[in-house]
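Read the figures in this text as sums done on the coordinates, not as results from a lab. In this text the structure is predicted, and so the values were computed from the model without any measurement. Neighbour counts run over all protein chains shown; Cβ positions are idealised from the backbone, glycine included.
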């Protein structure tokens, strides 16, 4: 019943399979540091880019500063039929999956 409740997502595998990383922080935050290769699409503008993202036909890993905005982004993308994941803070992702 609970086997998938705490299932860890293999972000490295997703990236190897062509997933993209979207950082939903604002441009000022993004310019202070970001995951190499990530795209900055602020949460406030994500809704207007959903169709463009969907056309790419790849999984999307969402990141932000803490996980709050990336969680919202994941929900928006999933509701549009996009395979999306909330990786939380971009710093957590870089240190735990790209060592």
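Summary of values
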read-out	value
Principal axis dimensions, largest first and in whole angstrom, of the chain by Cα	40, 30, 24
Most to least packed among 81-87, 20-26, 9-15 [average Cβ atoms within 10 Å]	20-26, 81-87, 9-15
Where labels lie 7 Å past Cα in the beta-carbon direction, separation of residue 72 and residue 55 in nm	2.6 nm
Estimated distance in nm for a label pair at residue 26 and residue 44, the labels positioned 7 Å out from Cα along Cα-to-Cβ	0.6 nm
As computed over segment 46-91, the Cα convex hull volume per residue (Å³)	60 Å³
